[in-house]
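Have a look at the structure below, then the notes.
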Amino acid sequence: MLKRLREIEEPVSFTFDGVQMQAQRGEMLATALLAAGIGHVRRSVVSGAPRAPYCLMGVCFECLVTVDGLQNRQACLLEVEEGMVVESQRGAPDVLAHFRDEKRQQP
């Protein structure tokens with residue numbers, strides 16, 4: 001877990017999974033989440049294992065979150081913005097579900 005070296009001087013408010021949080025203006029989202037004590041931001045689509053920011057430079061894709069309704073955003077590359085709504089990434093969408101349902105409905 002990260003520990004802040006200094007108090008937040010220029011706070012920016014955002015939510016993560018419905019919980020109000022604060023970050024330092026100019027801080028990257030992944031850093032703000034880690035500093036707030038968030039242990040993981042998504043679950044593996046294969047095993048369901050928890051995943052958290054790892055490389056903090058956009059290489060590993062472990063920090064994927066949903067931001068303001070857009071999935072697959074890398075938290076380590078996004079600067080926190082006032083009012084940002086961040087949600088845990090909840091697996092990959094089933095892009096073929098529509099086609100399976102359509103096929104079942106055919107006579």
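The set of residues in segment 70-107 being assigned to a loop (DSSP other than H, G, I, E, B), modelled with pLDDT of 95 or more and surrounded by fewer than 17 Cβ atoms within 10 Å (Cβ to Cβ) consists of Glu81, Glu82, Gly83. Taking each residue of segment 1-22 that is among the acidic types (Asp, Glu) and looking for partners that are not in a strand (DSSP E or B) with beta-carbon atoms closer than 6 Å, six or more apart or interchain, yields Glu10/Arg25.
Checking every residue in segment 34-49 against the condition of being in a helix (DSSP H, G or I) and under 20 Å from Val85 (Cα atoms) gives at least one match.
The single condition among (1) within 11 Å of the chain's Cα centre (by Cα); (2) at pLDDT 95 or above; (3) part of a loop (DSSP other than H, G, I, E, B) that Gly26 does not satisfy is (1). The lone criterion from (1) modelled with pLDDT of 95 or more; (2) more than 14 Å from Glu87 (Cα to Cα); (3) not acidic (Asp, Glu) left unmet by Lys3 is number (1).
The values are calculated or read from the model by the stated rules, or taken from the named source; none is laboratory data. These numbers come from a predicted model, not from an experiment. Note that we place each Cβ from the backbone using ideal geometry, even for glycine, and neighbour counts take in every protein chain shown.
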